[in-house]
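The values are calculated or read from the model by the stated rules, or taken from the named source; none is laboratory data. Please read these numbers as outputs of a predicted model, since none were measured by experiment. Cβ placement follows ideal geometry from the backbone for every residue including glycine, while neighbour counts extend to all protein chains displayed. For accessibility, only protein heavy atoms count, side chains too; no ligands or nucleic acids. Shrake-Rupley method; radii C 1.70, N 1.55, O 1.52, S 1.80 Å.
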Amino acid sequence: MYINPSAAQKPVSIVDLATMKQAGEKISCLTAYDASFSALLDKVGIDLMLVGDSLGMVIQGQPSTLPVTIEDMVYHCRCVTQARQRAFVMADLPFLSYATPARAVKNAAKLMQQGGVQMVKIEGVHPEIITLLVKQGVPVCGHLGLLPQSIHQLGAYKVCGREQVEANKILKDAQTLEQLGISALILECVPAQLAQIISGTLKIPVIGIGAGLDCDGQVLVLYDMLGISLGKRPRFSKNFMQQANSIEEAILHYHQAVKNRVFPTPEYSYS
Ligand code: KIV
């Protein structure tokens with residue numbers, strides 16, 4: 001059995017995440033929305049928690065992430081950070097909450113000052129906004145590939161970057177985001193080979209979801225990997241409850257599978 005040596009150690013910092021990438025240690029990440037799961041994820045040793053706007057779908061039962069407000073996010077961030085002891089916590093800036101630089105700063109302040117998170121996540125490439133946030137001392141995580149906040153432009157949740165032109169654009173966008181000063185990048189639903197190239201090119205940690213085994217870390221929506229999400233589970237998400245006797249064991253199996261590089265297998269990846 002994998003014994004997590006870091007579970008009892010000091011809180012994970014942004015520097016630790018970068019060091020893990022350099023050392024080749026995979027970063028385990030899950031979404032969290034409340035205090036009980038926050039404490040459980042921490043107990044298991046999950047390195048990074050994401051208070052995702054996926055809460056709109058899995059907690060609120062909305063059809064997409066778009067209805068989630070900054071107030072919703074602050075509430076769930078506070079629930080998570082109050083119970084967290086070790087994991088680094090980041091949160092999504094929800095749809096249109098960073099549409100202008102002023103709004104981005106005001107809402108990042110809410111997530112960090114009221115919600116207690118340590119990094120904010122932004123979908124897509126927004127040079128002016130990211131530059132301003134970074135200048136103000138806000139750690140920013142980028143998000144490329146499938147962008148759920150753009151679902152009405154995309155038309156469907158689908159794999160991104162299969163065509164060469166689109167793959168080149170995602171790689172170029174990732175490099176641009178790194179130059180703008182982001183501290184980590186989420187890559188969602190992209191071919192494993194593209195994610196491997198991006199993870200190998202960037203110095204910052206690249207966390208994949210449906211992006212293959214070669215990212216620097218993995219994230220899943222907690223309720224998907226526990227098999228309790230509403231609707232159809234995405235193909236890239238494995239139900240870890242199927243071979244576990246408890247929720248804690250399922251989360252531990254996921255953590256071990258990420259650390260030991262056995263998740264995601266090709267079955268849960270795209271080519
Ligand atoms: O909101 C969320 O949970 C996310 C993950 C899909 C990465 O952004």
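Mind checking which of GLU128, GLU188, GLU25 has the largest fluctuation in a GNM of the chain, springs on alpha carbons under 10 Å?
In the Gaussian network model the winner is GLU128.
When the chain is modelled as a GNM with alpha-carbon springs shorter than 10 Å, which of GLN196, GLN153, GLN118 fluctuates the most?
In this elastic network of the chain, the residue with the biggest mean-square fluctuation among GLN196, GLN153, GLN118 is GLN153.
Quick one: if you stick a label point 7 Å off each Cα along the C-beta vector at GLU25 and TYR157, how many nm between them?
Result for the modelled spin labels: 3.2 nm.
Can you flag which of LYS10/LYS110; LYS10/LYS43; LYS110/LYS232; LYS172/LYS259; LYS238/LYS259; LYS21/LYS158 are past 21 Å Cα-Cα?
Beyond 21 Å: LYS10/LYS110; LYS110/LYS232; LYS172/LYS259; LYS21/LYS158.
Which residue, LEU202, CYS77, ILE151, has the largest displacement toward the positive end of the dipole of the chain when charges sit on each Cβ (Lys, Arg +1; Asp, Glu -1)?
LEU202
For a Förster distance of 25 Å, can you work out the FRET efficiency between the beta-carbons of GLU71 and ILE228, rounded to the nearest 0.05?
The value I calculate is 0.50.
Taking the chain as a Gaussian network, where each spring joins two C-alpha atoms under 10 Å apart, which residue of LYS21, LYS232, LYS169 fluctuates the most?
Highest fluctuation of the listed residues: LYS232.
Once ligands and nucleic acids are excluded and a 1.4 Å probe is used, how much of LYS110 is accessible, expressed in Å² to the nearest 10?
The accessible area comes out at roughly 50 Å².
Can you give the translational diffusion coefficient of the chain in µm²/s, computed by Stokes-Einstein from the Kirkwood radius over Cα pairs at 20 °C and 1.002 mPa s?
118
Mind checking which of THR65, VAL120, LEU50 is farthest towards the positive end of the range 30-123's charge dipole, using Cβ charges of +1 (Lys, Arg) and -1 (Asp, Glu) about the Cα centre?
VAL120
Quick check for you: which residues of the range 224-252 have the amide N under 17 Å from the point 7 Å beyond the Cα of ILE59 toward its beta carbon?
Taking a point 7 Å out along Cα→Cβ of ILE59, the residues of the range 224-252 whose backbone N falls under 17 Å are 224-226, 228-230.
To check my understanding: the extent here is largest minus smallest coordinate of the Cα atoms along each principal axis. What are those three numbers for the range 132-221, in Å, largest first?
Taking the Cα atoms of the range 132-221, the three principal extents are 35, 29, 28 Å.
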